[in-house]
Amino acid sequence: MLDIDLHYSWQQKGGVHTNVFRSHYKAHIGEGLTSILGKSGEGKSTLLTLLGGFVQGRGSIQYYGRELIKLAPDERPVTNLFQQDNLFPQLTVWQNIAIGLSNSLRLTDAQMQTVNWALERTKLTAYANSKPDELSGGQAQRVAIARAISRAAVGDSSSKKSILLLDEPFSALDPKLRMDMMLLVKELTQQLSLTTLLVSHFPDEVKTIGGQFLLIEGGSVVLQDSVELLSAENIPVALHTYLK
Amino acid sequence: MSILSWRVVPAAIVIAVFIAVGIASLGALFLVQTDEGSWLTVLSAPYIWRLLSFSLWQAFLSTVISIGFAIPLTSVLLHRQFIGRDLLLQLFSLSLVVPTLVAILGIVVIYGRYGLLSTFLQGIGVEVDIPLYGLFGILLAHVFFNMPLAVRILMQSCTLIPASQLRLSYQLGFSRWHVFRWIEWPYMKKSLPSIFMLIFMLCFSSFAVVLSLGGGPKSSTLEVAIYQALRYEFDIPKASLLSILQVAVCSLVAFFVYRFTPMVWQDLSLTTNQIDHTKDSSVSKIIDMSILTLALLFLLPPFVAIFTPAFSMLFIETLLAKPTWLAVWISIKIALPSMLLCLIIAFSFATVARFFIGKSIVSQRSWYWLANTLEHSGNIILMIPSLVMATGLFLLLYPLGLSFEFGYYVIVWVNAVMTLPFVLRVLLPTLYQQERRYHFLYTALKIRGWKKFKLEWPLIRASVGQASAYAVILSLGDMGVIALFGSQELLSLPLYLFQLIGSYRLEQGACIAVLLIGICLILFYFCTHFIGGKNARY
């Protein structure tokens, strides 16, 4: 269970005026897939940035009772997938996954096996020695997923990186490929018991992959429910406003 | 539809004149009346080959040492925040425009035989004779100038690192070393060939440094030899041959720059990273501190040393002397028209290049290559050292009976043309961006010419201000062409300073240096603040 009660504010520059944007995220997120919905500029990516530890918020982030707020990004049980630049262009696919387990690329036998397993799970074994620029967009994002699951698979319960944060990493892919990737994420989330948060702009796709969803508005979680609510006839006003 | 619109014809004419003068001055070098025998005689002289090999060797060493220091220093500056960091970075950006002679004076004051370092070492009982005049001095000065330049370009390359890669490195718990190895180094590596070539070319055609610190024919370069052949021996065939040799080597280097240097694209996903989460350790702290201390010890003292005479009576005396103000007047008389000319040529390049970018946007055919070619043709100037260009112009004017008397105009023209690559580099990206973003809007609203310039002014003035500052300061501090055409009537501040250093009047020289820096700073401030406005960049 991921319990969030986070405050964060930043300055928004627009023309001659500078506004202070204040956000307060409060949610109890269970294991499995949770999609984050909301209009542009409402603070979806900020939530993931805060959870990753790249900016410092106030409050609390508890993961199964363990407080994460004071931890550095690498000490948190988190792996972020960004919209782009998730891979190091100078490293091969295999090395890009391995670097998630050992920065010096000196791996133990067990770690090597994990890398190979992650390659298999993401159907990338044939590309192990390829460089990122030789891959398609979908393959490149699969490498990033492979690194994320390899980090989630090794270590004990405290060192496993079992929170996966995806900030629209598939937005540049075509709809079919994007759906395939989301289904792959769903499958891996279930198999590895991950807590996955996925920012999406496509409510229809979110309906297909299932799980929970959070609706973000003005830097706050205004609604949290099962994705089935998206197909319901009577929906809350906030959701109606977002969907119309 | 014709290739050129009548609206860009005036700009095209300016470019045509610029190219024609360039070709004519190069052509003049080849057309010097000389029999085959004398060419062969000059070419077969071991002296020429010694000159060439020394020019190449000192340029190679200077480049390797400059880059070798710049790489770790860049990494330190990227990671460490300390008091004075911004000041240091500004000092680095100024290195490009600090008059060469001023820095040379600073080096002599610190590292010379009776310099502060020798005095200090003698004070503690260490007898060291620092061989400042010769290869060591040349290397010292070249590293002093080019290491900050390399740091600046490397830092620029590292700003291309996507924010998400840095975040990734924080999440993966990279140490200081791993951030350098996996993230910074690959980005630095990409710009190394172009930095190598740029610095190599600058050192290969270095003139004032070799003339001041070379210490004699043993440590002379082609550029200095051209100057000596013209100024002292008046051996025109020899000067033209040496110039051709110089251009040939520079062209070869330039060919490699454009052929083998990968393009570094600006990443649009850039965001500023506010917090550096790189894992730190005592060892990396000690290493970083040592690198920084070494760099500061090397770079700061020469700058500080030349300011000491500012508090003496001699400074006031020098300031009030007539030759000083005559030199100030000559310097300004050269620098301002030169800046104006440079801006006219640069805007002409920009106008024609923008026209072709606009054409590419609306037509099926891409004209970007032509815009790029225009941009590069401005840069081609780097292949032709100022002294060579001046020699060519001299040879053009000589048969017309206009030689040294026409020197002022040659100096203004050559200075304008030599600063062009730097000005284009600042100006073109901003102007290109305007065209790409607003081309359709301009076309739809029929905004052209002067109206367009007025509309764009608030957006481009910062770049124009910076470009003007570069143009005026580079011209003001130039000690290339003025050495060839200068006389007692045409004595600029840098040339006056050179004469004072040459006659070991270092204290008086330091006063002139302070004055020169003062004028540079005033003009820099004027250009960036009055032309550039409050959004001026430095």
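The table that follows gives values for the structure above.
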| quantity | calculated |
| --- | --- |
| Farthest positive-ward along the range B:35-310 dipole, Cα basis, beta-carbon charges - from B:98, B:126, B:185 | B:185 |
| Pairwise burial A:B, computed as accessible area of each alone minus the pair, summed, 1.4 Å, Å² | 2200 |
| Cα centroid of the range A:188-244 to Cα centroid of the range B:392-431, whole Å | 66 |
| FRET E, pair residue B:398, residue B:113, Förster distance 41 Å, beta-carbon r, rounded to 0.05 | 0.50 |
| Accessible area in the full protein assembly, largest first, 1.4 Å probe, for B:454, A:44 | B:454, A:44 |
| Debye log10 I(q)/I(0) at q = 0.13, 0.20 Å⁻¹ for the range A:110-237, Cα point scatterers | -0.61, -1.20 |
| Extension gain from residue B:443 to residue B:190, taking 0.36 nm per residue of separation minus the Cα-Cα distance | 87.3 nm |
| Magnitude of the charge dipole, chain B, Cβ model with Lys/Arg +1 and Asp/Glu -1, debye to 20 | 1980 |
| Solvent-accessible ranking of B:49, B:182, B:457, B:6, largest area first, probe 1.4 Å | B:6, B:49, B:457, B:182 |
| Accessible area of the range A:167-244 belonging to carbon and sulfur atoms, whole % at 1.4 Å probe | 52 |
| Inter-chain shielding of A:99-110 (mean C-beta neighbours from other protein chains, 10 Å cut-off) | 3 |
| Helix-only CD estimate at 222 nm, as mean residue ellipticity for chain B, using -39500 (n - 2.57) per DSSP H run (n ≥ 4) | -24500 deg cm²/dmol |
| Ellipsoid semi-axes in whole angstrom, largest first, where each is sqrt(5λ) of the Cα gyration tensor of chain B | 35, 34, 24 |
| Kirkwood Rh in Å, taken over all unlike Cα pairs in chain A | 18.7 |
| Distance between modelled label sites at residue A:233 and residue A:126, nm, 7 Å Cα→Cβ extension | 5.0 |
| FRET E, pair residue B:41, residue B:255, Förster distance 35 Å, beta-carbon r, rounded to 0.05 | 0.75 |
| Directionally averaged projected area (convex hull, Cα atoms, the range B:35-310), nm² | 18.4 |
| Label-point separation in nm, residue A:10 to residue A:110, each point 7 Å along Cα→Cβ | 3.8 |
| Percent carbon-and-sulfur accessible area, the range B:35-310, ignoring ligands, DNA and RNA, probe 1.4 Å | 69 |
| Chain A: calculated mean residue ellipticity at 222 nm from DSSP helix runs of at least 4, using -39500 (n - 2.57) | -9500 deg cm²/dmol |
| Average accessible surface area per residue within the protein assembly as shown, 1.4 Å rolling probe, Å² | 46 |
| Under 20 Å from the residue B:319 label point (7 Å along Cα→beta-carbon), backbone N, the range B:505-536 | B:506-526 |
| Cleavage-rule hits, chymotrypsin sites (Phe, Trp or Tyr not before Pro), the range B:58-118, DSSP coil, Cβ neighbours within 10 Å at most 16 | B:82, B:114 |
| Surrounding net charge for residue B:479, when Lys and Arg each add one and Asp and Glu each subtract one, Cβ distance under 14 Å | -1 |
| Axial C-alpha extent at least 15 Å, average Kyte-Doolittle at least 0.5 - helices from chain B (DSSP) | B:9-30, B:46-79, B:100-111, B:135-158, B:185-204, B:236-260, B:282-305, B:322-362, B:386-397, B:407-445, B:506-525 |
| Gain on full stretching of the segment that runs from residue A:31 to residue A:226 - 0.36 nm per residue minus C-alpha separation | 68.9 nm |
| Inter-part distance where the range A:56-95 and the range B:89-120 are each reduced to a Cα centre, Å | 47 |
| Eligible lysines near residue B:218 by straight Cα distance, threshold 30 Å, same-chain separation 8 or greater | B:238 |
| Set A:160/B:279; A:39/A:131; A:70/B:189 screened for pairs whose C-alpha atoms are more than 25 Å apart | A:39/A:131; A:70/B:189 |
| Per-pair calculated FRET efficiency, R0 = 22 Å: residue A:66 and residue A:21 via Cβ, rounded to 0.05 | 0.15 |
| Rounded to the nearest 10 Å², the accessible area of residue B:446 at probe 1.4 Å | 140 |
| Cα-centred dipole magnitude for the range B:35-310, charges only on beta-carbon of K, R (+1) and D, E (-1), debye, nearest 20 | 640 |
| Shape category assigned to the protein assembly as shown from the gyration tensor of Cα positions, a/c cut at 1.5 | prolate |
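The values are calculated or read from the model by the stated rules, or taken from the named source; none is laboratory data. Keep in mind it's a predicted model, so treat the numbers as computed, not measured. As a convention, Cβ positions derive from the backbone with ideal geometry for all residues, glycine included, and neighbour counts pool all protein chains shown. Please note that ligands, DNA and RNA were not included when accessible areas were found on the heavy atoms of the full protein model with its side chains. Shrake-Rupley method; radii C 1.70, N 1.55, O 1.52, S 1.80 Å.
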